[in-house]
Amino acid sequence: MATLELDSITKTFQDGDDEIVAVDDISMSIDDGEFLVVVGPSGCGKSTTLRMIAGLETITSGTISLGDRVINDVPSQERDIAMVFQSYALYPHMTVRQNMSFGLEESTDLPDDEISRMVSETADLLDIPSLLDRKPSDLSGGQQQRVALGRAIVRDPEVFLMDEPLSNLDAKLRAQMRTELQRLQDDLGVTTVYVTHDQTEAMTMGDRIAILDGGELQQIATPLECYHEPANQFVASFLGEPSMNFFDVTLEGDRLVGDAFEYPVGAEIRDDVGDVTDLVLGIRPESVELVEAAGGDHDFEMTVDVVEPMGDENTLYLQFDPDADSEGAATLVATTDGLTPVSSGEAVVARIPEEAIHLFDRNTGEALHNRSMEEAAQQIDLS
Amino acid sequence: MSNFYQRVRRAINLSASDDQRVGDGDEGGRDAVRTDGGVVSEDSRNPGSEPGVLDRLAAGIDGRLGSDFLESSIFWIPPFLLMGLFVYGAVIWNFLISLTDYQRFANAPDYSNLDFEMYTRALADSGFIDAAVNTFILLVAFTAGTLAVGLILAILIDRGIRFENSFRTIYLLPMSLSFVVTAQFWLWIYNFNNGIANRVIGVFGLGPISWLGDQNIVLWAVIFALMWQFSGYAMVVYLAGLRAIPDEHYEAAKVDGASTLKMYWRVIIPQLKGATISAAVVLMVFGMKAFDFLYSLVGGYRPPNGADILATKMVREAYANLNWAYGAAIAIVLFAMALGVIGPYLVYEFRRNNL
């Protein structure tokens, strides 16, 4: 068990005369036993980062160290890591037992009976002893997934690397494996780096999440911090489904002026913003409240354009201007209780509470004002 | 006959319309009302008439051999007959000749007195035994050697080297050459006085060796020449096999701690089983056809001492010595060997549902 430390890791690929930066100066430290989820859209460099940790890609600059050992030039074979691949990469000509013992046979000098004891222990842990003598092609996707996990676990490595291990499973099985993986990682206490593009996995599984975009680290923090106090507009838009509403506004005096509305803000928020005037107003759909009648500056009379009933909640697409054609007009997405009857075309009053808004610098994307975590927590308590 | 005509007409109607019955293989569905316009099949039009003998026979054949067996026959019968007559018919005829004593300038084989005399003669003929042993050595050594060289070349080329396509073409090129051409090459290379083979080993103070004259060496010299010609083919087959293995298997093996050698030996090469089997079958068949090479090497039916194989022996007995029946018997032995190679392969493919 050890701390995994990435220090200014950069990876560039050569494409003809062009240099493509896949990973740009990423530094992070993963504590012993921590579960770190690396998340980002495709092409953000998250898999490349993982593969550099695994030793499957060379590092252009920067250092990776495991414990006190710099492992930049250590071949994968000697890094004492185990990796779970998206495609599982089970060896098709070997039985499950052979698949699981392969790593131990190759990386240790353990005697055969010791290896077979460890394999059956791991199989028990994963509930797959009945599969041990079958070939991967005879297994279902979920079973293959377990075997792939077992192959990593049996090695008892210093670090687990997982590259979107659940993305080939169906939704129900994925949810089940998500919980199970978390439990396993808790029990085993092995430092884990988990790459995914799925924000549900990121939010629910990790002790911390690292959000990457364009090869750069956007934020590394606990899931709730990232959700409620995003470092920038990218993080804010990436987490949350449906994603946060954004409106371009300019600060004029004490009001935020947008194309479709004006929104007065208090002194505290104006202090946070400073002298930046080109802003983006962000509001999470679940923070928008529907009220009986307009009762203040933060209430807006709107028209329901589309209703998407999800069962437990409704997703409403609201328009400021009922006459605008639905393509270009400013739309506010709001989620409401699934039992509140709302229908398309209805006029409603939406309240955008001042304590729930986020403000971003329109040029840099940086967050200038976030709702505070305490307020968010309070709101959850109240409801 | 009219029944048959009706069946054919119905078959044509069937394929011309989008009738739901096509392919369901259910003869009982014949009375069904057609979906495309209420045309009702013959049995319902003539209520009470018993199905004819031909009809019942056809139904029986269909039931046993699958529906459309008769209807499709006009497509497969002509090639079936051609193959049957000119390939398998000729094989059977050849077998019959091998049972006679046909030789010299007799006008025609005498089929009245058939026995296995030619086969017992072959077993007593030391020339035949030598040729059979040589054929076997050539098949095994040539196939194994070519597969090994092809595998190594394929792995090296698959390592993402530069000019990969050029290398692939260079290694495959010898296979496109005729045996006549490559035999001439190797005749020069193996030349005792100024061939490049003796020149090269001369640099190390060895030789000169009489590659084609020494009967202990000549077979191996021929095997080496054939390996040179066909290892490019084995390489291409293996390369296709390697390309089908996902990168993750290499990576998983590396992360699992396997060295490069162990990775290939335990993870990659076992997955090339299918490629090995299909390449081996093709190579063995080529090995049996080494006649062309040996014939071109010496320009005649008499290959160098120590390199006589069944194919050359067969042709020599038949056309040089005019022992027609004896040549035919050797041909049947060779045919049995070829079946011995291909038969298991066909069974293997059939078991895997590839046929």
Problem set entry | Whole-angstrom gap from the range A:1-59 to the range B:189-241, using each part's C-alpha centre | 51
Exercise. In degrees between 0 and 90, to the nearest 10, how far off the longest principal axis of chain A does helix A:112-126 point, with axes built from Cα atoms?
Worked result: 30
For this session: Just tell me which lysines come within less than 22 Å, Cα to Cα, of residue B:262; anything on the same chain fewer than 8 places away is out.
Result: A:135, B:254, B:273
For this session: For residue A:46, go through the aspartates and glutamates and keep the ones whose alpha-carbon is under 12 Å away, minus same-chain ones fewer than eight residues off.
Result: A:24, A:163, A:164, A:213, A:216
Problem set entry | Förster-model FRET efficiency, 45 Å R0, residue A:222 and residue B:164, C-beta, rounded to 0.05 | 0.40
Seminar exercise, completed: Ranked from fewest to most other Cβ atoms within 10 Å of their own Cβ, B:348, B:264 fall in the order B:348, B:264
For this session: Pull up the cross-link candidates among the lysines for residue B:313, meaning alpha carbon to alpha carbon under 29 Å and not fewer than 8 places away within one chain.
Result: B:289
Exercise. If R0 is 41 Å, what FRET efficiency do you get for residue B:214 and residue A:98 from their C-beta distance, rounded to 0.05?
Worked result: 0.30
Seminar exercise, completed: Env charge @ residue B:306, Cβ radius under 11 Å, K,R +1 / D,E -1, value -3
Exercise. By counting other Cβ atoms within 10 Å of each Cβ, how are B:235, A:118 ranked from fewest to most?
Worked result: A:118, B:235
For this session: State the antiparallel share, in %, of DSSP beta bridges confined to the protein assembly as shown, rounding to the nearest 5.
Result: 80
Seminar exercise, completed: So, with points 7 Å from each Cα along the Cβ direction, the residue A:321-residue A:176 label distance in nm works out to 5.2
Problem set entry | Extent along principal axes [Cα atoms of chain A; Å; largest to smallest] | 77, 46, 42
Exercise. When the Cα centres of the range B:163-182 and the range A:263-288 are compared, how far apart do they sit, in Å?
Worked result: 72
For this session: Return the tail of the calculated pair distribution for the range B:181-281, meaning the percent of Cα-Cα pairs more than 22 Å apart.
Result: 52
Seminar exercise, completed: Shape descriptor, the range B:105-228: equivalent ellipsoid semi-axes (Cα gyration tensor, sqrt 5λ, whole Å, largest first) stand at 38, 22, 15
Problem set entry | Relative contact order of the range A:4-233, defined on C-alpha pairs under 8 angstrom at six or more residues apart (%) | 29
Problem set entry | R0 of 30 Å, Cβ-Cβ distance residue A:73-residue A:17: FRET efficiency to nearest 0.05 | 0.60
For this session: With a point put 7 Å past each Cα toward its Cβ, work out how far residue A:248 is from residue B:112 in nm, to one decimal.
Result: 10.9
Exercise. Which value in Å does the Kirkwood hydrodynamic radius of the range B:201-355 take, with 1/r averaged over all unlike C-alpha pairs and then inverted?
Worked result: 19.0
Seminar exercise, completed: With the convex hull built on the alpha-carbon atoms of the protein assembly as shown, volume per residue in Å³ sits at 305
Problem set entry | Order by protection proxy (mean Cβ within 10 Å, highest first), peptides A:344-354, B:156-166 | A:344-354, B:156-166
Problem set entry | Nitroxide proxy distance, nm - points 7 Å out along Cα→Cβ at residue A:262 and residue A:340 | 2.7
For this session: Please determine, in degrees from 0 to 90 and to the nearest 10, the orientation of helix A:96-107 with respect to the longest principal axis defined by the Cα atoms of chain A, where the helix direction is its Cα long axis.
Result: 80
Exercise. In chain A, what % of DSSP beta bridges are antiparallel (nearest 5)?
Worked result: 75
Exercise. What does a probe at residue B:177 reach in the range B:273-301, counting residues whose amide N is under 20 Å from the point 7 Å along Cα→Cβ?
Worked result: B:283, B:286-300
Problem set entry | For the range A:170-250, convex hull of alpha carbons as volume per residue, Å³ | 113
Exercise. Listing B:324, B:186 from the residue with the fewest other Cβ atoms within 10 Å to the one with the most, what is the order?
Worked result: B:324, B:186
For this session: Could you grab the Rg to Rh ratio for the range A:1-104? Cα atoms only, Kirkwood for Rh.
Result: 1.00
Exercise. Looking only at other chains, what is the average number of their beta-carbon atoms within 10 angstrom of each beta-carbon in A:101-107?
Worked result: 5
Seminar exercise, completed: Shape call for the range B:219-274, from the Cα gyration tensor axes a ≥ b ≥ c (a/c under 1.5 means rounded, otherwise prolate when a/b beats b/c, else oblate), comes out prolate
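Throughout, read-outs are computed from the coordinates displayed, never taken from laboratory work. As the structure is a computational prediction, the values presented were derived from the model and not from experiment. All Cβ positions, even for glycine, are placed from backbone atoms using ideal geometry, and neighbour counts span all protein chains on display.
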